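S.K.: Would you mind keeping the following structure in view while I ask a few things?
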Amino acid sequence: MQDQRLKDFLKEFIISDSQLHEVYKRFTTEIQNGLSLATRKQADIKCYMTYIQDLPTGDEKGNYLALDLGGTNFRVLHVSLKGHHEAEIESKVFVVDKELMTGHGTQLFDHIANCLAEFVKEYSLNNQHLPLGFTFSFPCVQLGLTKALLVRWTKGFNCAGSVQEDVGRLLKEAIARRGDLEINVMAILNDTTGTLMSCAHRNPECRIGVIVGTGCNACYVERVENAELLESEYKVDKTHIIVNTEWGAFGESGKLEFVRTDYDRTIDKASLNVGSQLLEKMISGMYLGELVRLVLADAITQNLIFSRTSDKQCLINTLRENVCCFEARFISEIENDNFPDFQQTRTILKELFAMEKASVEDCQKLRYICECISRRAANLVAVGISSLINRIAEPHVVVGVDGSVYRLHPHFDAYMRETMRKLVNPKITFDLMLSEDGSGRGAALVAAVASKN
Ligand code: BGC
């Protein structure tokens, strides 16, 4: 893409190497602050204890149920762990509509229990007392494996009456209200933990689990002596614990202002959780499309793209009036497109603007806009992962990754690796592996590992 004016316009999305190192430095300090009792109150990154202290061996066996709430879909799963690092999974997706996402917590948990009952019936699993792992992908203070107090909702959820409540209890109560289900809730876990467990099940060198999907977060294996929040009884027999960083909250005390743009601020102001999850809002699928929508509207207004289109104002109005019209998956499709046909880009432009003929140059420009925004997101994820790899400081570290952005975007993995090579200690080698159904297999593994103890 050669257009210098458009390049200048998008400059603020390009993170320079010196900015990258500064974000890295601040991020690394914040992880340390989250782990230390003296500083954690002010820390953006809270580093929650998961109470999971064993990684799977691969020999786990048995039948489990799993619930997965917190991504694009709500799912119920039946997981059979077969030993020899193998698992079989059956699952069903259920809709959680906007009304439920922002209604009362009781309605949401009743819905979850109803879906669970439907699933159990359909797959003839009742009366089996199956242990259940609940992948609940929101920040929680865990008070043990089955007790998790919700700290805050994220990703467009905002259900009344649930913050600071124990989501394990809310689930058990909803199950009890139905009175027809015999289920044993064994563990509540975050999706990052599920990802780490699921990847460690296949590769014992896995130490970090990352989600780049609707939201963004990571967990990692920490030495118990560094986990100051962890009660001493958990330090007697075990050497490690999985820490759920909740890094999406980074930036809330102003540490990312030097790289945030006015577009990021607009997105935050329009969100359900203003001032919260600021790093997440620069990275995750829930916000990436919105960033492109806002940037594109301004770029058209300033005649930087689609300048020869006859009804420019109509494009601008479409973008400004239709919140979320530019979906995150469009970014992946556009960046995956081929020069000079730009077939997918043209289909998207037709869908969005009823545009019949876009010039090759405009398609290239649109791709450049998408690329700047997704590259920035990948750079920021890479900062977080690199910091954790260097902290773990083992000679080789494998990172399990999942989430729609990572899965669907054609270059996200490559962008991340490129930046990680700049930041990871050269004495450490690393690899990224795609997780296979972390929220299902991972939840079953946590339940399995928990029942071993
Ligand atoms: C939540 C995390 C979760 C992440 C990815 C964030 O909004 O706070 O708990 O792991 O999304 O789903």
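S.K.: Please pick out the residue among Gly209, Gly215 that is in contact with a Gly (Cβ under 8 Å, 6 or more places away or on another chain) and closer than 21 Å to Gly58 by Cβ.
M.R.: Exactly one of Gly209, Gly215 is in contact with a Gly (Cβ under 8 Å, 6 or more places away or on another chain) and closer than 21 Å to Gly58 by Cβ, namely Gly209.
S.K.: Can I ask one more? From (1) within 28 Å of Arg375 (Cβ to Cβ); (2) in contact with an Asp or Glu (Cβ under 9 Å, 6 or more places away or on another chain); (3) open to solvent by 30 Å² or more (accessible area, probe 1.4 Å), pick out the condition that doesn't hold for Ile211.
M.R.: Failed condition: (3).
S.K.: Further, regarding this structure: If Asp191 meets every condition in (1) within 16 Å of the ligand (Cβ to nearest atom); (2) closer than 19 Å to Tyr24 by Cβ; (3) among the charged types (D, E, K, R); (4) in contact with a helix residue (DSSP H, G or I) (Cβ under 9 Å, 6 or more places away or on another chain) apart from one, which number is that one?
M.R.: Of the numbered conditions (1) within 16 Å of the ligand (Cβ to nearest atom); (2) closer than 19 Å to Tyr24 by Cβ; (3) among the charged types (D, E, K, R); (4) in contact with a helix residue (DSSP H, G or I) (Cβ under 9 Å, 6 or more places away or on another chain), the odd one out for Asp191 is (2).
S.K.: For segment 338-453, list the helices (runs of 4 or more DSSP H) that sit wholly inside it and hold at least 2 residues that are among the polar types (S, T, N, Q); which are they?
M.R.: 343-353, 360-392
S.K.: Determine which member of the set Leu278, Leu304, Leu272, Leu256 is within 28 Å of Glu361 (Cα to Cα) and outside any helix (DSSP H, G or I).
M.R.: Leu304
S.K.: So, one more: Where the second residue is part of a helix (DSSP H, G or I) and not aliphatic (A, V, I, L, M) and the first is within 25 Å of Asn158 (Cβ to Cβ) and lies in segment 109-123, which pairs have Cβ atoms under 6 Å and are six or more apart or on separate chains?
M.R.: Going by the 6 Å Cβ cut-off, the qualifying pairs are Ala113/Arg178.
S.K.: Further question: With respect to Leu125, determine if the residue is modelled with pLDDT of 95 or more and either in contact with a helix residue (DSSP H, G or I) (Cβ under 8 Å, 6 or more places away or on another chain) or away from the ligand (no atom under 16 Å from the Cβ) (or both).
M.R.: No, not satisfied.
S.K.: Still on this structure, please answer the following. Scan segment 157-205 for residues that are of a type in the set (Val, Ile, Thr) and assigned to a helix (DSSP H, G or I) and jot them down.
M.R.: Listed by number, the residues that qualify are Val167, Ile175, Thr192, Thr193, Thr195.
S.K.: Between a first residue in segment 235-247 that is without any contact (Cβ under 8 Å) to a residue 12 or more places away in the chain and a second residue that is of a type in the set (A, V, I, L, M, F, W, C), which pairs have beta carbons less than 8 Å apart while being 6 or more apart in sequence or on different chains?
M.R.: Lys235/Val224
S.K.: Out of all the residues in segment 1-45, which are closer than 23 Å to Glu252 by Cβ, assigned to a loop (DSSP other than H, G, I, E, B) and open to solvent by 50 Å² or more (accessible area, probe 1.4 Å)?
M.R.: Leu37, Ala38, Lys41, Gln42
S.K.: Let me ask something else about it. In segment 51-68, which residue that is open to solvent by less than 10 Å² (accessible area, probe 1.4 Å) and not aliphatic (A, V, I, L, M) is farthest from the ligand (Cβ to nearest atom)?
M.R.: Gly58
S.K.: Okay, moving on. Between a residue in segment 209-228 that is within 18 Å of Leu55 (Cα to Cα) and within 16 Å of the ligand (Cβ to nearest atom) and any residue that is β-branched (Val, Ile, Thr) and not in a strand (DSSP E or B), which pairs come within a Cβ distance under 6 Å, given they are 6 or more apart or on different chains?
M.R.: Hits for this filter: Gly209/Thr192; Gly209/Thr195; Ala218/Thr192; Ala218/Thr245; Cys219/Thr192; Cys219/Thr193.
S.K.: With the requirement that a residue be in contact with a helix residue (DSSP H, G or I) (Cβ under 6 Å, 6 or more places away or on another chain) and away from the ligand (no atom under 14 Å from the Cβ), what does segment 241-263 give you?
M.R.: Selection gives Ile241, Lys255, Val259, Thr261, Tyr263.
S.K.: Is it true that Leu296 is within 22 Å of Ile14 (Cα to Cα), modelled with pLDDT of 95 or more and within 16 Å of the ligand (Cβ to nearest atom)?
M.R.: no
S.K.: Could you check, for segment 276-284, whether at least one of its residues is basic (Lys, Arg) and away from the ligand (no atom under 16 Å from the Cβ)?
M.R.: Checked against the condition, which is being basic (Lys, Arg) and away from the ligand (no atom under 16 Å from the Cβ), segment 276-284 yields no hits at all.
S.K.: I would also like to ask the following. Counting only residues that are of a type outside the set (A, V, I, L, M, F, W, C), more than 18 Å from Thr214 (Cα to Cα), open to solvent by 40 Å² or more (accessible area, probe 1.4 Å) and in contact (Cβ under 8 Å) with a residue 24 or more places away in the chain, how many does segment 69-100 have?
M.R.: Selection size over segment 69-100: 5.
S.K.: Step by step: first the residues of segment 400-416, then only those that are touching a helix residue (DSSP H, G or I) at 6+ places or on another chain (Cβ under 8 Å) and of a type in the set (Gly, Ala, Ser), then the one that is most open to solvent (accessible area, probe 1.4 Å). Which residue is that?
M.R.: Ranking the qualifying residues of segment 400-416, first place goes to Ser404.
S.K.: Six or more apart or on different chains, Cβ atoms under 6 Å: show the pairs whose first residue is in segment 269-288 and closer than 21 Å to Cys370 by Cα and whose second is part of a loop (DSSP other than H, G, I, E, B) and basic (Lys, Arg).
M.R.: Close Cβ pairs (under 6 Å, with a partner that is part of a loop (DSSP other than H, G, I, E, B) and basic (Lys, Arg)) amount to Met286/Lys155.
S.K.: Of (1) under 17 Å from Leu55 (Cα atoms); (2) surrounded by 15 or more Cβ atoms within 10 Å (Cβ to Cβ); (3) within 24 Å of the chain's Cα centre (by Cα), Pro204 satisfies all except one. Which?
M.R.: Evaluating Pro204 over (1) under 17 Å from Leu55 (Cα atoms); (2) surrounded by 15 or more Cβ atoms within 10 Å (Cβ to Cβ); (3) within 24 Å of the chain's Cα centre (by Cα) leaves (2) as the failure.
S.K.: Among residues belonging to segment 170-201 that are among the charged types (D, E, K, R) and over 19 Å from Met49 (Cα atoms), point out the one that is surrounded by the fewest Cβ atoms within 10 Å (Cβ to Cβ).
M.R.: It comes out as Asp180.
S.K.: A follow-up question, please. Would you check which residues across segment 347-399 are without any contact (Cβ under 8 Å) to a residue 60 or more places away in the chain, among the charged types (D, E, K, R) and open to solvent by less than 10 Å² (accessible area, probe 1.4 Å) and list them?
M.R.: Selection gives nothing.
The values are calculated or read from the model by the stated rules, or taken from the named source; none is laboratory data. This one's a predicted model, so the numbers in the text were calculated from it and none came from an experiment. All Cβ positions, even for glycine, are placed from backbone atoms using ideal geometry, and neighbour counts span all protein chains on display. Heads up: the accessible areas ignore ligands, DNA and RNA and are worked out on the full protein's heavy atoms, side chains in. Shrake-Rupley method; radii C 1.70, N 1.55, O 1.52, S 1.80 Å.
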